[in-house]
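> Have a look at this one.
The values are calculated or read from the model by the stated rules, or taken from the named source; none is laboratory data. The structure displayed is predicted, hence computed values, not measured ones. Using ideal geometry, Cβ is built from the backbone for each residue, glycine included, and neighbour counts are taken over all protein chains shown. Please note that ligands, DNA and RNA were not included when accessible areas were found on the heavy atoms of the full protein model with its side chains. Shrake-Rupley method; radii C 1.70, N 1.55, O 1.52, S 1.80 Å.
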Amino acid sequence: MTENLRIFTIKPDASVREALKKIDENKKGFLVVTDLRTVVLGTLTDGDVRRAFLKGISVDDQISGIYTKTPRCLRLSDGIPGATELFKDEAIRFLPIVDEENRLLNILTKNQVHALLLQDIHADLTFDFLSLDEGIVDYEIYQRPWGFYKTTVMNDFFQSKVISVNPKAQLSLQSHNHREEHWIVAHGRGTVQLDQSVLEVHCGSSVFIPKGARHRLTNTDEKETLIITEVQIGDYFGEDDIIRYEDIYGRI
């Protein structure tokens, strides 16, 4: 077991107080219970602790009576496909990875599997999963004067977004040096200015925005939101690759 995993492990005679401190420190919401030989005995989650408190357990009691003693585990031979299959069970958030003697070798969470797949990282179960940026799985919603956007996937090859434009709102006239964009209208109607052309769009319309082309999206409806899905392909996807020429919100 590597030193990085020690923050995720605890002995069965530890107190609930000690377990809570470790759970708070690792910020994953769980611990793997092991013996002195690092053999996996069970798992303990923040939910297990809450349920124990409702039954009258105190923070100074041992965790020996509250942890799950028959956890699902992965063998190295199961590989990422085996993990993906087990994670189809919504109740499973993490899996200890063990050797033939059930000694802990690694830990894999559901979010880490998603991060691997979305970034097209080829790995086996010995990979350093703690090095992954799990933020790729759950991007924030970013508010803008015209509505909001949410990134759904971003890796070295592409970025995809959902863009929601308020009624009668309009994005800036802009271009990009490092990416092309592919838009599909999922809801509503509006117009797309593409260089010198203006296109009417509605649900099901698709528009290709070449790299360097000046473009602008407008919601022409008085009441309905305009929603598009956007896929960006290029060598850089930062928001600073936006060159604005006109903007009704004064952002030039």
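> Only one of (1) farther than 30 Å from Ile121 by Cα; (2) open to solvent by 10 Å² or more (accessible area, probe 1.4 Å); (3) not aromatic (Phe, Trp, Tyr) is not met by Thr229, so which one is it?
Tallying (1) farther than 30 Å from Ile121 by Cα; (2) open to solvent by 10 Å² or more (accessible area, probe 1.4 Å); (3) not aromatic (Phe, Trp, Tyr), Thr229 fails exactly one: (1).
> A further question follows. For region 146-165, does any single residue satisfy the condition of being closer than 30 Å to Thr38 by Cα and either in a strand (DSSP E or B) or of a type in the set (Lys, Arg) (or both)?
No, there is no match, as no residue in region 146-165 is closer than 30 Å to Thr38 by Cα and either in a strand (DSSP E or B) or of a type in the set (Lys, Arg) (or both).
> Out of region 176-194, which residues are farther than 17 Å from Leu226 by Cα and out of contact with any Pro (no Cβ under 9 Å at 6 or more places or on another chain)?
His176, Asn177, His178, Arg179
> Here is a list: Asn102, Asn26. Which entry is under 28 Å from the mean Cα position of the chain (by Cα), closer than 20 Å to Ile7 by Cα and open to solvent by less than 80 Å² (accessible area, probe 1.4 Å)?
The conditions single out Asn26.
Yes or no, residue by residue, for (1) in contact with a helix residue (DSSP H, G or I) (Cβ under 6 Å, 6 or more places away or on another chain); (2) surrounded by fewer than 17 Cβ atoms within 10 Å (Cβ to Cβ); (3) among the small types (Gly, Ala, Ser):
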site: Phe129; (1), (2), (3): yes, no, no
site: Asp138; (1), (2), (3): no, yes, no
site: Phe148; (1), (2), (3): no, yes, no
site: Val165; (1), (2), (3): no, no, no
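Residues are listed down the side, and each one gets a yes or a no for (1) more than 22 Å from Asn166 (Cβ to Cβ); (2) modelled with pLDDT of 95 or more; (3) among the polar types (S, T, N, Q); (4) surrounded by fewer than 16 Cβ atoms within 10 Å (Cβ to Cβ):
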site	(1), (2), (3), (4)
Ile184	no, yes, no, yes
Gly188	no, yes, no, no
Glu200	no, yes, no, yes
Pro210	yes, yes, no, yes
Leu217	no, yes, no, no
Gly234	yes, yes, no, no
Gly238	yes, no, no, yes
Asp241	yes, yes, no, no
Asp247	no, yes, no, no
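> Additional query: Output the number of residues of region 66-90 satisfying the condition of being assigned to a helix (DSSP H, G or I) and closer than 19 Å to Val39 by Cβ.
Summing the residues that are assigned to a helix (DSSP H, G or I) and closer than 19 Å to Val39 by Cβ in region 66-90 gives 3.
> OK, next. State whether one or more residues within region 55-62 are assigned to a loop (DSSP other than H, G, I, E, B), exposed (fewer than 15 other Cβ atoms within 10 Å of the Cβ) and on the phi > 0 side of the Ramachandran plot.
Yes, because at least one residue in region 55-62 is assigned to a loop (DSSP other than H, G, I, E, B), exposed (fewer than 15 other Cβ atoms within 10 Å of the Cβ) and on the phi > 0 side of the Ramachandran plot.
> Restricted to region 64-90, and to residues that are β-branched (Val, Ile, Thr) and within 18 Å of the chain's Cα centre (by Cα), which residue is surrounded by the fewest Cβ atoms within 10 Å (Cβ to Cβ)?
Residue satisfying both the conditions and the ranking: Thr84.
> Sticking with this one: Please go through region 30-44 and pick out each residue that is open to solvent by less than 10 Å² (accessible area, probe 1.4 Å) and in contact with an Asp or Glu (Cβ under 9 Å, 6 or more places away or on another chain).
Within region 30-44, Phe30 is the sole residue that qualifies.
> Additional query: Going by what's in this entry, would Arg93 be described as among the basic types (Lys, Arg), surrounded by 17 or more Cβ atoms within 10 Å (Cβ to Cβ) and on the phi < 0 side of the Ramachandran plot?
No.
> Right, another one. Search region 213-239 for residues that are touching a residue at least 24 places away in the same chain (Cβ under 8 Å) and of a type in the set (D, E, K, R) and pair each with any residue that is open to solvent by 60 Å² or more (accessible area, probe 1.4 Å) and assigned to a loop (DSSP other than H, G, I, E, B) when their beta-carbon atoms are under 9 Å apart and the residues are at least 6 apart or on different chains.
Correct list of pairs: Arg214/Asp195; Arg214/Gln196; Asp221/Lys168; Glu222/Lys168; Asp235/Asp156; Asp235/His178.
> So which of Asp195, Asp156 is under 30 Å from Leu74 (Cβ atoms), of a type in the set (Asp, Glu) and either within 27 Å of the chain's Cα centre (by Cα) or surrounded by fewer than 15 Cβ atoms within 10 Å (Cβ to Cβ) (or both)?
On the way: Asp195 fails: under 30 Å from Leu74 (Cβ atoms).
Going through Asp195, Asp156 in turn, just one is under 30 Å from Leu74 (Cβ atoms), of a type in the set (Asp, Glu) and either within 27 Å of the chain's Cα centre (by Cα) or surrounded by fewer than 15 Cβ atoms within 10 Å (Cβ to Cβ) (or both): Asp156.
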